[in-house]
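Accompanying notes for the structure given below.
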Amino acid sequence: MRRRPGIAGLQTAAATRDQYRLVGDNVAKIRTDLMKEQLATFRTQLEEFARKHKNDIRKNPTFRSQFHEMCAKVGVDPLASNKGFWAELLGIGDFYYELGVQIVNICLETRPQNGGLIDLQELRNLLCQRRKSARESVSEDDCLRAISKLKVLGSGFEVISVGKKKLVRSVPTELNRDHNEILEMAQAHGYVTAEEVERKFSWSSGRANDVLVSLLEEGLAMIDDGHRDGKRRYWFPCVSPMSGTSGSDQKI
Amino acid sequence: MQRLGDFKLPHFFNYPPYFTLQPVRETRDKQVQLWKELILDYCRNQKIFVIGLEDDFPLFSNPVIERSLSHEAKELFLAALVNEGRAEWMDKGHKKCLILWMRIQDWAEYIINFVKENGFEDGVMTVEDIRSGIESRGTDLAGIDRTVLMRALRLLEQKGKATIFKGTSTDDEGVKFSV
């Protein structure tokens, strides 16, 4: 198109730009409205669903975890606030709040035994014992959710993976690689000896000893000098809970 | 769950490191605490009053996990009970320990209740009656350690609720209650 000179030409160009912008805005607005509408519909549906399955969500841990997953996909966090619609509808905020408090209690109570590191399964067992009266059962997923909410407190509650196990840490100790490797190794029998550690990781006896001693001092390990072979064993209550949930049950 | 007779043992009894004295203070405190509770519970359950450190005591070894307490550990756990007034050494060498799973003042109270229930308020009983009479059957007084019983009676005497006197015919002592 030949550029037309003059003021009229410039005005026409500006007018055209405005027209385009208007049309563009309109399109965008229509799209947003549509999206909003869709989201609103979805929300209503989700709410309806939640209302309809309120009891399932409360009582069935599998259902609850699936519901959470669904909510996460659409960006709804039913735990975000205790005042919102969700909390009121489901009482689900209270549920996790209560769970969180109980988890903190258990972690504190068992700290002298396990040094502030507890197997997630063990934690769940203790939690279920404590909640015997409450009819809702608790899954590992629930525990993880409650713990993730505890992070807000900044008290160092964290879930770490060591080998096959998930451990909940309630003390601000940093576990380094060496510590982790020993904890993982201890999962096999519940204990390790310095000799085994040296052999397995090809560490010097000094290194093995240092790590074991630091685990002792953290309260994560306990020594056992009572075995026939006279070798000192280091037991780790956090990976071999003495309540006998992992096959250490003995009967006579 | 492991049992000793009709006594249900706690979980830690099957966890080997609890049979070795722990070097780290906090861990050891917890260990001592658990053992103290276990010793008192067991003695209360089995009505045991005296633990001899050199005798075989079923609580101090666990054949299932092949662990037993060292002499040092036994002495430490009992000493912790002594510190709390829940036990007393019976000799200087710390070879025998008297376990007070009920404190002397609790025993005294127990005796008062026993006396009231059996209508001995103004009556006379021999010490042996209290330990093995028909009335005490089924109560905690049955087979009570003589030392413990005498201490409780003397406490009652101090409070003016009982008078202990020497029998004339036997060498057993008698008690007159005045509750």
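The values are calculated or read from the model by the stated rules, or taken from the named source; none is laboratory data. This structure is a prediction, so every number in the text was calculated from the model and none was measured. Note that each Cβ is placed from the backbone with ideal geometry, even for glycine, and that neighbours are counted across all protein chains shown. Heavy atoms of the whole protein, side chains included, go into the accessibility calculation; ligands, DNA and RNA do not. Shrake-Rupley method; radii C 1.70, N 1.55, O 1.52, S 1.80 Å.
What order do you get for A:113-124, A:39-50, A:54-65 when each peptide is scored by the mean count of other beta carbon atoms within 10 Å, highest first?
Details: A:113-124: 22.9, A:39-50: 12.8, A:54-65: 15.9.
Packing order, densest peptide first, comes out as A:113-124, A:54-65, A:39-50.
Relative contact order for region B:49-139: what is it in percent, counting Cα pairs under 8 Å that are at least 6 residues apart?
Relative contact order of region B:49-139: 23 percent.
For the listed residue pairs A:Lys59/A:Lys132; B:Lys74/B:Lys96; A:Lys54/A:Lys166; B:Lys30/B:Lys74, the alpha carbons are over 20 angstrom apart in A:Lys54/A:Lys166. Protection proxy ranking, highest mean first, for peptides A:228-238, B:16-26, A:19-29: B:16-26, A:228-238, A:19-29, where packing is the per-residue count of other beta-carbon atoms within 10 Å, averaged. Think of each Lys and Arg Cβ as +1 and each Asp and Glu Cβ as -1; about the Cα centre, that makes the dipole of region A:1-58 roughly 260 debye. Computed over region A:106-213, relative contact order equals 20 percent, with contacts defined as Cα pairs under 8 Å that lie 6+ residues apart. Dipole magnitude for the protein assembly as shown: computed about the Cα centre from +1 point charges on Lys and Arg Cβ and -1 point charges on Asp and Glu Cβ, it is near 2480 debye.
Report the gain in length on full extension from A:Val27 to A:Glu48: 0.36 nm times residue separation, minus Cα-Cα distance, nm rounded to one decimal.
On the way: separation 21, 0.36 × 21 = 7.56 nm, distance 3.12 nm.
Going from the current span to full extension adds 4.4 nm.
Contact order, relative form, for chain B: 17 percent (alpha carbon pairs under 8 Å, 6 or more residues apart, mean separation divided by residue count). Take each residue of peptide B:63-71, count the partner chain Cβ atoms within 10 Å of its Cβ, and average: the result is 2. Taking 7 Å steps out from each Cα toward its Cβ at A:Lys231 and B:Asp91 produces label points 4.0 nm apart. For region A:22-32, backbone phi angles converted through the Karplus equation (6.51, -1.76, 1.60; θ = phi - 60°) give residue-by-residue couplings of 4, 4, x, 4, 4, 4, 4, 5, 4, 4, 4 Hz, Gly and Pro being listed as x. Taking label points 7 Å from Cα along the Cα-to-Cβ direction, B:Met150 and A:Glu184 give a separation of 6.6 nm.
Taking only protein heavy atoms into account and a 1.4 Å probe, give the accessible area per residue of region A:173-243 in Å².
Working: 3360 Å² over 71 residues.
Accessible area per residue, region A:173-243: 47 Å².
Given R₀ = 22 Å, FRET efficiency for A:Lys164-A:Ala72 by Cβ-Cβ distance, to 0.05?
Values: r = 25 Å, r/R0 = 1.16.
The calculated FRET efficiency here is 0.30.
Solvent-accessible surface of region B:53-147, averaged per residue with a 1.4 angstrom probe and all protein chains in place: 51 square angstrom. The calculated FRET efficiency for the pair B:Asp55 and B:Glu157, based on their C-beta separation and a Förster distance of 35 Å, comes to about 0.60.
From the mean inverse distance of alpha carbon pairs (Kirkwood) and the Cα radius of gyration, derive Rg over Rh for the protein assembly as shown.
Details: Rg = 34.7 Å, Rh = 27.8 Å.
My calculation of the ratio gives 1.25.
Partners of B:Lys161 within straight-line reach, counting aspartates and glutamates whose Cα lies under 17 Å from its Cα and excluding those fewer than 8 residues away in the same chain: B:Asp106, B:Glu109, B:Glu117, B:Glu121, B:Asp122, B:Glu173.
Mind checking A:226-235 for the average number of partner chain beta-carbons within 10 Å of each residue's beta-carbon? Before the final figure, lay out the partial values.
Numbers: counts 13, 5, 1, 0, 0, 0, 1, 3, 1, 5.
If you average over the peptide's residues, the count of other-chain Cβ atoms is 3.
In order along region A:110-122, the Karplus-derived 3J(HN,Hα) couplings, from 6.51 cos²θ - 1.76 cosθ + 1.60 at θ = phi - 60°, round to 8, 4, x, 8, 10, x, x, 10, 10, 5, 4, 4, 4 Hz, and Gly and Pro are given as x. Around the amide H of B:Lys96, modelled in the peptide plane, lie the amide H atoms of B:Leu53, B:Met90, B:Asp91, all under 5 Å away and 5 or more residues distant in sequence or on another chain.
Just to make sure I understand: if all protein chains stay in place, what is the order of A:Met70, B:Met125, B:Met90 by accessible area at 1.4 Å, largest first? Spell out each step's value before the answer.
Working: A:Met70 70, B:Met125 5, B:Met90 90 Å².
My answer, sorted largest first, is B:Met90, A:Met70, B:Met125.
Is region A:111-217 best put as rounded, prolate or oblate by its Cα gyration tensor, with a ≥ b ≥ c the root eigenvalues, rounded for a/c under 1.5, and otherwise prolate when a/b is larger than b/c, oblate when not? Prolate shape, in that a/c is at least 1.5 and a/b is the bigger ratio.
Counting Cβ atoms of other protein chains within 10 Å of each Cβ in B:25-35 and taking the mean gives 3. Tell me which of B:Pro58, B:Ser132, B:Thr20 sits at the most positive position along the dipole axis of chain B, charges placed on C-beta atoms (Lys, Arg +1; Asp, Glu -1). Among B:Pro58, B:Ser132, B:Thr20, the one farthest towards the positive end of the dipole of chain B is B:Thr20. About its Cα centre, the dipole of region A:173-243 is roughly 240 debye, where the only charges are +1 on Lys and Arg Cβ and -1 on Asp and Glu Cβ.
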